[in-house]
Amino acid sequence: MIIDCHGHFTTVPQRFREWRTRQVDAANDPANAPAPKDAIITDDEIRQGVGSGQLRLQQEREGDLTLFSPIAGLMSHHLGNEQTSLVWAEVSNNNVKRVCELYPDNFVPVCQLPQSPGAPPANSIPELRRCVEEMGFVGCNINPDPTGGYWTGKPFTDREWYPLFEAMCELDVPGMVHVAASCNPNFHGTGAHYLNADTSVFMQILQSSLFQDFPTLRLIIPHGGGAVPYHWGRYRGMSLELAQRPLEGLFDNIFFDTCVYHHPGVELLTKVIPTANVLFGSEMIGAVRGKDPDTGHYFDDTKRYVDACEALTDADRQLIFEGNARRVFPRLDAQLKAKGL
């Protein structure tokens, strides 16, 4: 089985985006806010978007299952206020659940959290519990910078995050560390802000005692880990100097995906990071949608890159494509076992 750990509902209809615009415009005028029921996406709209988009590409690229979450860029926690974010998370998660109900053999839901600048991360716990306990979600996306590129909040390892981490450990769900759109003109969203966040959070963890406090917490650093695997010696050295411990100790809790859009990058990732810590991911249809003119293949067809890594054994590929996802997402594993898979 080939499990893609990183997929977003990027094929939502235009009217859903328009609903969001109206919602943000009415953030301080709740009497004129659009009704949540008007954000419901119909089965026909799902078939038109997902069916002709992610589902078609999943099948063409020999994939089996995608962990599916709301559009990362549209999380936009910096827009509106805390109530705006709560309603937005609810309607976004409800629509993701509907996709997974329509295509239960192809998609499994991962939730967005209702974060907001300055709001305690603990305020996201009720929505996390609703998604996991009531709707069968298997993980969550966590935005370490709800300000959208200005980073005015506390580090991801600050104790204000601890109640949320406690809930994740209790529910036994991992979190993908994933920022949203950038509203800072200095940082392009997918080209800079995403990768900056991946790298920054890893460094914050390196400097902290987070996993001593939460030994069962599991975090996925997406987009190949930002700069981390490609400067591994730098981080190993700083871990020994600053934290006085081997960096490899983080491998019990941190994992990386293969959302790296060329073969040399994926090959380096799989050489530097232990196979047990690499999960297959493509983020399609996402950050890079076009084809490589040199190969004629889509940049985000990441399975091709994994297949081309000659140093990987069949056992390695089984872990990357399936085994690691089932271990990191135990609720996913339980769902698959219930289906006899």
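Just so it is clear, none of the values below were taken in a lab; they were calculated from the coordinates. Note that the coordinates shown come from a computational prediction; the quantities given were computed from them, not determined experimentally. Positions of Cβ are backbone-derived with ideal geometry, glycine not excepted, and every protein chain shown enters the neighbour counts.
Ordering 219-228, 204-213 by mean Cβ neighbour count within 10 Å, with the highest value first, yields 219-228, 204-213. For Ser182, the residues 5 or more places off, or on other chains, whose built amide H falls under 5 Å of its own are Gly189. Protection proxy ranking, highest mean first, for peptides 194-202, 261-269, 331-339: 194-202, 261-269, 331-339, where packing is the per-residue count of other beta-carbon atoms within 10 Å, averaged. Taking θ as phi - 60° and the Karplus parameters 6.51, -1.76 and 1.60, the scalar couplings of region 306-311 work out to 5, 4, 7, 7, 5, 6 Hz in sequence order, x denoting glycine and proline. Among residues other than Ser282 with Cβ under 9 Å from its Cβ, the summed charge is -3 (Lys and Arg +1, Asp and Glu -1). A cut-off of 5 Å between modelled amide H atoms, ignoring neighbours fewer than 5 places along the same chain, links Asp257 with Ile221, His223, Gly224, Gly225, Leu279.
Once the Cα-Cα distance is subtracted from the 0.36 nm per residue extended length, the Arg236 to Arg47 segment shows a gain of 63.4 nm.
Here Glu101 and Gln212 are evaluated by their C-beta separation; at R0 = 56 Å the FRET efficiency comes out at 0.90. Of the trypsin sites (Lys or Arg not before Pro) in region 216-324, which ones lie in a loop per DSSP and count no more than 12 other C-beta atoms within 10 Å? Listed in order of number, the matching sites are Arg289. Over what distance in Å are the Cα centres of region 38-59 and region 114-188 separated? When both Cα centres are located, 26 Å separates them. Report summary: the helix-based calculation at 222 nm, which adds -39500 (n - 2.57) for every DSSP H run with n ≥ 4 and divides by the residues of the chain, gives -9500 deg cm²/dmol. Farthest towards the positive end of the charge dipole of the chain, among the residues Val306, Phe251, Thr190, is the Cα of Thr190, using unit charges on the Cβ of Lys, Arg, Asp and Glu.
Other residues whose C-beta falls under 14 angstrom from the C-beta of Asn141 contribute a net charge of -4, scoring Lys and Arg +1 and Asp and Glu -1. Once the chain from Asp292 to Ala192 is taken as fully extended at 0.36 nm per residue, the excess over their C-alpha distance is 34.0 nm. Between Glu133 and Lys337, the contour length at 0.36 nm per residue exceeds the alpha carbon distance by 71.6 nm.
The relative contact order of region 149-197 comes to 39 percent, based on Cα pairs under 8 Å that sit 6 or more residues apart. Each Lys or Arg adds one and each Asp or Glu subtracts one; over the other residues with Cβ under 14 Å from the Cβ of Val179, this totals -3.
At R0 = 45 Å, how high is the FRET efficiency between Gln318 and Asn32 if r is their beta carbon distance? Nearest 0.05 is fine.
Efficiency computed from Cβ-Cβ geometry: 0.25.
Magnitude of the charge dipole for the chain, about its Cα centre and with charges confined to Cβ atoms of Lys, Arg (+1) and Asp, Glu (-1), is about 140 debye.
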